Every structure is written in C-alpha cells, then in structure tokens.
Amino acid sequence: MAGLTVYCCGPLPRLRRLLQGLPCAVRLADWRELLRDGPARRCLFALGTDELGPLPETLELLRRIRSAPDRFSGCVAGVAVDGAAELDTKALARQLIFHLSMAGCAFPERPLAEGTGSLHNWTVLQKRLGLPSREAAWAAALEALCLRVLDFSPQQYDKPRLLMLHASDHATSNTLALGERIAAQLGEDFSVRIMSLRNGAIEDCRGCSYRVCTHFASRGTCFYGGSIATEVFPAVQSSDVLLLLLPNYNDAVGANVMAFINRLSSLHVSGALSGKTLFAVVVSGYSGGDLVAEQAMGALCLNKSFLLPPRFCLLETANDPGEILRLPEIEARVRTFAAQIRLCAKNRCD
C-alpha cells in the first residue's frame with residue numbers, strides 16, 4: 001500500500017512524534033511543498049495552534065487553498081490538529097475541511113483527529129479501548145484516520161438513491177425551490193425522494209447513555225420514537241446520497257434539521273450511515289452561509305459517518321420569496337452542482 005504524505009503547518013512536536021510512531025507509512029513534509037509540486041493524491045493536513053489560537057502560517061495555508069479552487073481535484077485527505085489549549089482545534093479543522101472540499105478534495109468518514117492541549121477529548125475513547133493514556137487513544141485515532149484516507153474507495157451506483165430532506169414551506173422557501181430545481185436536473189439517473197421534516201412533531205435527542213443508544217440502534221430505532229424513527233430513519237437507511245436543504249436561521253441550521261441530525265446518533269452507532277455521501281444547499285437572507293454549511297458538515301461528517309465529496313455545498317443568497325430563481329446565472333450554477341452530485345455518485349470522486 002502506498003504511503004501517506006503529511007503536510008505539516010506549525011511546529012507540532014507532539015503530533016509529529018505520534019505520526020512518526022504509526023505503523024502505517026507516512027512521509028512528513030512542509031505544507032509549502034504542495035504549492036511547488038502539487039498535492040499528493042492521499043494526504044493528511046497536520047495543523048497546530050498556540051495559546052492564542054491559529055498560527056499565521058495556518059491562515060496563509062487557508063488563503064492559498066481559496067486562491068486555487070481546482071488545486072485539490074482528485075485528492076483524498078484527512079486532518080489532524082494539535083492544540084496548545086482547549087479551544088480552536090475543531091473550529092480550525094472545520095474551516096480547513098470546508099475550503100478543501102470546495103477546492104475539489106474528498107474526505108472519508110470522520111476525517112478529523114484533533115487533540116486539545118490536555119487531550120481530555122480522548123478520555124472516553126481511552127476508557128472504551130482500555131488504553132494506558134489519552135495520548136495512546138489519540139495515536140490509535142490517528143492511525144485509524146490514516147488508514148481511512150489510504151483505503152478510501154466510495155461505492156458507485158448505477159442509479160443512486162438520493163434523499164432530499166428539508167423543513168421548509170413550499171409557498172415561500174427559496175431553499176426548497178432551489179433544491180427542487182437541482183432534483184429536476186438529476187433526471188432519471190437518480191431515484192430521488194423528497195421528504196419534509198415539518199410533518200409531525202420532531203423530538204430532539206436528550207442524550208441517552210451509549211448503552212441505551214446502542215440497544216435501540218440494534219433494532220433500527222431510537223428510544224424517543226416518533227416520525228424520525230418510523231419514517232425518516234428508514235428513508236436515510238435506504239438512501240445512498242443525502243441532500244440537505246438548509247435555510248440560514250441566525251447563522252445556524254434550523255431546529256427541525258438539527259433535531260434530525262442529533263437523533264441520527266442512533267444510526268451512527270449501529271454503522272448504518274457508513275458509506276453514505278452528504279451534499280447540502282444553503283440559502284442565506286444576508287450572509288453566513290459558510291457557517292451553516294460547516295455546522296452540517298461538522299455534525300454529519302466529522303462526528304458521524306457521512307463521506308464528504310468534493311464541492312459538497314451550493315451557497316446562495318436570496319430574501320424575497322422566489323428571488324432565488326431570478327438570480328443572475330442561477331441555472332448555470334444549478335446545472336454545475338447537479339453535475340457534481342452525479343459525478344460523485346455515479347463515477348469516482350477521488
């Protein structure tokens with residue numbers, strides 16, 4: 001098996017030591033190498049923070065990624081962040097993964113292994129695996145991440161089953177109007193199902209213990225039942241691609257969609273989400289669409305098991321009902337986004 005190139009951004013003494021001790025073959029390189037030679041097809045981005053947050057060279061890396069929107073086409077990557085304090089590691093990783101995806105990079109499920117300054121975020125895994133230290137738990141997670149990147153080979157489908165989920169009003173929603181236009185572009189190549197999360201009360205997750213969650217997950221349901229368990233769970237399980245329609249509510253995902261995401265923990269612990277691909281459409285009235293996209297991506301890909309394809313998200317801005325379909329060049333962007341979904345579901349997106 002070919003090795004993994006690790007692009008290091010920052011001093012990273014602790015993370016470098018762990019990476020060099022992994023049994024899988026890794027090559028550590030300065031991140032500027034990818035600017036000179038182009039990125040490796042299978043790579044890991046290793047970033048660090050200090051007590052004040054992201055380092056200046058990390059911001060330079062983000063700017064370079066955004067300046068070349070096609071540089072990472074054909075790449076598969078993971079991200080490791082080593083923090084000097086308890087903040088910033090996940091926020092930095094989400095921003096990096098978002099921009100890499102929009103630049104053409106694909107990511108396997110759970111593409112992040114981050115260590116806070118205390119490594120307290122690895123306490124649960126340390127106990128679950130019976131490991132001697134938090135650092136050992138992080139090393140195990142790093143090894144697993146490297147293997148997921150190296151082994152990444154998403155399943156391809158002759159006629160993918162796409163589930164489009166929304167919680168919008170048909171009469172007024174720009175987001176739903178845009179989603180329906182995208183679904184129409186997919187045509188007969190896809191089996192498309194559109195499902196509303198507005199039908200019936202949706203109870204949010206209340207945080208069952210892992211034992212209780214896995215007990216109900218083994219039956220394909222959830223302790224709290226309701227339409228999520230009886231209607232939405234089966235639809236998710238029978239789909240290959242999830243297309244989330246996300247209006248921007250106060251720079252966040254709406255309540256019904258967030259409840260759906262939280263309740264998906266039941267399917268996640270049972271392994272039922274593995275191999276499914278996430279796409280999203282975000283429509284903002286003002287700004288902040290990237291925050292909503294990163295929130296959905298972080299919940300479903302970094303914390304659960306969805307694959308993140310290249311250019312996973314379409315971001316638009318519209319206010320008045322119906323305005324979205326009057327935006328300049330909107331039909332061209334719809335066709336491009338639908339073509340990206342088709343490419344990743346029916347052909348190889350790595």
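The values are calculated or read from the model by the stated rules, or taken from the named source; none is laboratory data. None of these values were measured; they are calculated from a predicted model. Cβ placement follows ideal geometry from the backbone for every residue including glycine, while neighbour counts extend to all protein chains displayed.
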* Asked: Looking at Leu197, Leu150, Leu112, which is the one that is under 22 Å from the mean Cα position of the chain (by Cα), surrounded by 17 or more Cβ atoms within 10 Å (Cβ to Cβ) and modelled with pLDDT under 95?
  -> Leu197
* **Number of the exception - Lys304 against (1) closer than 14 Å to Asn174 by Cβ; (2) of a type in the set (D, E, K, R); (3) assigned to a loop (DSSP other than H, G, I, E, B)** => (1)
* Structure fact -> Of the listed residues (Ala252, Ala280, Ala259), the one being surrounded by 18 or more Cβ atoms within 10 Å (Cβ to Cβ) and over 20 Å from Ala229 (Cα atoms) is Ala280
* Give the residues of region 95-137 that are charged (D, E, K, R) and part of a strand (DSSP E or B), sorted by residue number. => Glu114
* **Among (1) out of contact with any Leu (no Cβ under 8 Å at 6 or more places or on another chain); (2) part of a strand (DSSP E or B), the one test that Arg14 misses** => (2)
* Structure fact -> Residues of region 36-56 being surrounded by fewer than 16 Cβ atoms within 10 Å (Cβ to Cβ), outside any strand (DSSP E or B) and of a type outside the set (Gly, Ala, Ser), in sequence order, are Arg36, Asp37, Arg41, Glu51, Leu52, Pro56
* **Subset of region 165-180 that is part of a loop (DSSP other than H, G, I, E, B) and of a type in the set (Gly, Ala, Ser) - its residue that is farthest from Leu245 (Cα to Cα)** => Ala171
* Within region 303-334, tally of residues that are in contact with an Asp or Glu (Cβ under 7 Å, 6 or more places away or on another chain) and not aliphatic (A, V, I, L, M) -> 2
* What number of residues in region 118-177 are in contact with a His (Cβ under 9 Å, 6 or more places away or on another chain) and either at positive phi or not assigned by TED's automatic domain parsing to the domain that holds Gln237 (or both)? -> 1
* To do: Could you check how many residues of region 71-94 are touching a residue at least 60 places away in the same chain (Cβ under 8 Å), in a helix (DSSP H, G or I) and aliphatic (A, V, I, L, M)?
  => 1
* Ser101 vs. criteria under 15 Å from Pro310 (Cα atoms), in contact with a helix residue (DSSP H, G or I) (Cβ under 9 Å, 6 or more places away or on another chain) and of a type outside the set (Asp, Glu) -> yes
* Looking at region 311-320, is at least one residue within 19 Å of Ser239 (Cβ to Cβ), part of a loop (DSSP other than H, G, I, E, B) and not β-branched (Val, Ile, Thr)? -> yes
* To do: Give the residue that is modelled with the lowest pLDDT, with candidates limited to residues of region 153-171 that are buried (at least 18 other Cβ atoms within 10 Å of the Cβ) and hydrophobic (A, V, I, L, M, F, W, C).
  => Ala167
* Answer residue from region 240-281, given it is assigned to a strand (DSSP E or B), closer than 22 Å to Arg110 by Cβ and in contact (Cβ under 8 Å) with a residue 60 or more places away in the chain and is farthest from the chain's Cα centre (by Cα) among those -> Leu246
* Structure fact -> Arg263 meets each of (1) touching a Phe, Trp or Tyr at 6+ places or on another chain (Cβ under 9 Å); (2) under 26 Å from Val149 (Cβ atoms) with one exception, condition (2)
* From the list Ser284, Ser239, Ser270, Ser227, which one is within 26 Å of Phe190 (Cβ to Cβ), at pLDDT 95 or above and not aliphatic (A, V, I, L, M)? -> Ser239
* Asked: Got a sec? Which of Leu96, Leu59 is outside the structural domain of Ala299 (by TED's automatic domain parsing) and in contact with a helix residue (DSSP H, G or I) (Cβ under 9 Å, 6 or more places away or on another chain)?
  -> Leu96
* From the options Thr277, Thr336, residue that is of a type in the set (Ser, Thr, Tyr), assigned by TED's automatic domain parsing to the domain that holds Val241 and touching a helix residue (DSSP H, G or I) at 6+ places or on another chain (Cβ under 8 Å) -> Thr277
